[in-house]
Structures are given as C-alpha cells and as structure tokens.
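The structure appears below as structure tokens.
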Amino acid sequence: MLKRKRFLFAILAILPTLAIFAYVRLYPIADTLRLSLFQWNILSKNKPFIGLANFRELTGDHLFLDALVNTTIIAFGVLILTIPMALIIAALIFHRTRSRMAGFYETAVFIPHVVSLVPAAMAWKWIFDARLGPLNAMLTFFGIPAQNWLFDPVLSVICIIVLCSWQALGYAVLIYLVGFKSLPVSLYEAAKLDGASGPQSFWYLSIPMLKPITLYVSVVTLVSGFNVYAQAFVLASDAQGAPGRQVRVLVLDMLENSFRNYRVGYAASEAVVLLVIVLVLTLIQFSMLRERGRA
C-alpha cells in the first residue's frame, strides 16, 4: 500500500510538467499532422479535407525537392565536419586541463554557440564577400583566383555548412569534454604500461567508450542541420537582396508557403516530411551504434 501511494504521489508530482510538455511539444506536432490533410488557406473560410493530396503535390514540386536536397546536404555536411573536429578538439583540451589556459580554451570554443545567429551570419557574410572579404584577399595573396562564394549555388552550400559547423562545434566539444572526464583513468594508465601511445589510446579506448556521447551529439547536430534557416536566409541572398534565393532550404520553403502563399496545409505537409526524415535518421543512428556496441 505504501509503494502504491508513493507511486501515485510521483505521478501527481510530474503531471503538471507532463501537461506543459504535451501542450508545448506534442500538441503542435499533432496539429501539424492534422493541418497537412487539409487545404488550409489563411485567407479562405473554406478549408476542405483533401487527405494526402498535399503530399502527392510535394513529389512534383521542384522548389520543395531542391530545398530537400540542399537541406540534406547541409545537415550531413555539418555532421561530417563537426563530429571529428569536436572529438579531436575535446581530446586536446582534456589533456591540457592542468594548464592555466584550459578555461580559456573551453570558453573560446563555446562562445560561437551562444553568439546571436544573425550577427554571426552577417560577420561570416563579410568574410565570404567576393570583393571586400578577407577570405578572397588571402586567396589572391597566394595567387589563387577569388571566388564568388555567396553567388555560386555549390559554394553557397559550402559556406552555410562552414557557418553551421562553426556554431555547432562549441556545444559538441563541451559534451565530449564531459564524456572524457567520466572515462576511467586506470584504463589509460594500463594502456600506457602496455606500451600504447597517445593516438592508440585515443583510437582504441576513447572513441569506443564515447559512443553514447557520439550518438547524442550526432542526433543533436543532425536535427539542427535539418532545421537550418537563418544561415541560408542571411548568407544566401541574391544580388537584389532577396533572402535564400541561392540556397533554398526546407524551413524557408515552409515559411514562404505559409505566410507568402498562405498555404498553411501545404507547409504543414512539408513539416511532416521533415519530421519523418529526422525520426528515421535518428532511429538509424541508434541502430548502427547498438550493432557496433554488440560487435
């Protein structure tokens, strides 16, 4: 009877938190799923149920398909660039924890993650500027031709990947540092006595033991990569200043369909596709790391 009372008390204690979570997180998802099945126009009172017609239209929408390809390339580009760099930088900072500069290193790496996104993107836009940017000035100094970084579709995607990775790196390094500090020192001491070098200990001890951290960082980085918006909005503006015209991404396409074309139901179907992609990729990452852990 006492255990039952404690269980009921625990349930009642967390009910307000669960209710807030359901209202803030679960209800918008459910409402988005509902809207995707309607021809929901903001300016029209008539909002008929059309089933999966919005999803069928997506398969022939070249703007949506371009946005999907660009977003996927950016998300995986950020993932591939961020994870190895974060792991290496975290290892270097961890092995310098006794240094007086250790706190400075951690702060310097983490600052880009907390900097406001739009000012940071404007600073990077100046760096990539074709005429006045320091990047092209450095290239021409070494005899390399200047590049139109923000006006070439391929180079614009690379610029967005660099900006997103720069911002995601600090958080990933911080999480990896927490993981490094939780690793048993005795294993490294035993490996050193057996003649293992620093790189060997890192490859055969640190990386396998940090798999749960890698899973978490990978999921967070990939999800944030698929939700890229402001970076493309600020960086990939065309010559007339129209945002996001060089590199179209999913979130920008959703916003345009919602508030410029007033097609809320169609934008909701795009959001559902994005949700499904993120969920599927997250499940794949979980399954891959579980199989490696069993092996």
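The values are calculated or read from the model by the stated rules, or taken from the named source; none is laboratory data. In this text, all values refer to a predicted model and were calculated from it rather than measured experimentally. A quick note on method: Cβ atoms are made from the backbone with ideal geometry, for glycine too, and the neighbour counts reach across all protein chains shown. Protein only, heavy atoms only, side chains kept; ligands, DNA and RNA dropped before computing areas. Shrake-Rupley method; radii C 1.70, N 1.55, O 1.52, S 1.80 Å.
Within segment 37-58, is even one residue in a helix (DSSP H, G or I), within 20 Å of Met254 (Cα to Cα) and touching an Asp or Glu at 6+ places or on another chain (Cβ under 9 Å)?
Within segment 37-58, one or more residues are in a helix (DSSP H, G or I), within 20 Å of Met254 (Cα to Cα) and touching an Asp or Glu at 6+ places or on another chain (Cβ under 9 Å).
Taking Arg248, is it surrounded by fewer than 14 Cβ atoms within 10 Å (Cβ to Cβ), within 30 Å of His62 (Cβ to Cβ) and of a type in the set (D, E, K, R)? Against the criterion (surrounded by fewer than 14 Cβ atoms within 10 Å (Cβ to Cβ), within 30 Å of His62 (Cβ to Cβ) and of a type in the set (D, E, K, R)), Arg248 does not qualify. Out of (1) closer than 24 Å to His62 by Cβ; (2) among the aliphatic types (A, V, I, L, M); (3) at pLDDT below 90, the odd one out for Leu283 is which? Leu283 satisfies every listed condition except (1).
Do the conditions hold for Tyr176, that is, is it within 30 Å of Lys125 (Cα to Cα) and either in a helix (DSSP H, G or I) or over 21 Å from the mean Cα position of the chain (by Cα) (or both)?
Answer is yes for this residue.
With respect to the numbered conditions (1) of a type outside the set (A, V, I, L, M, F, W, C); (2) under 21 Å from Ile160 (Cβ atoms); (3) without any contact (Cβ under 8 Å) to a residue 40 or more places away in the chain; (4) surrounded by fewer than 17 Cβ atoms within 10 Å (Cβ to Cβ), which one is the sole condition not fulfilled by Asn136? Condition (4) is where Asn136 drops out. Before we move on, is Val220 without any contact (Cβ under 8 Å) to a residue 60 or more places away in the chain and closer than 30 Å to Val247 by Cβ? So Val220 fits the description; yes.
Scanning segment 112-130 for residues being in contact (Cβ under 8 Å) with a residue 12 or more places away in the chain and open to solvent by 70 Å² or more (accessible area, probe 1.4 Å) gives a total of 4.
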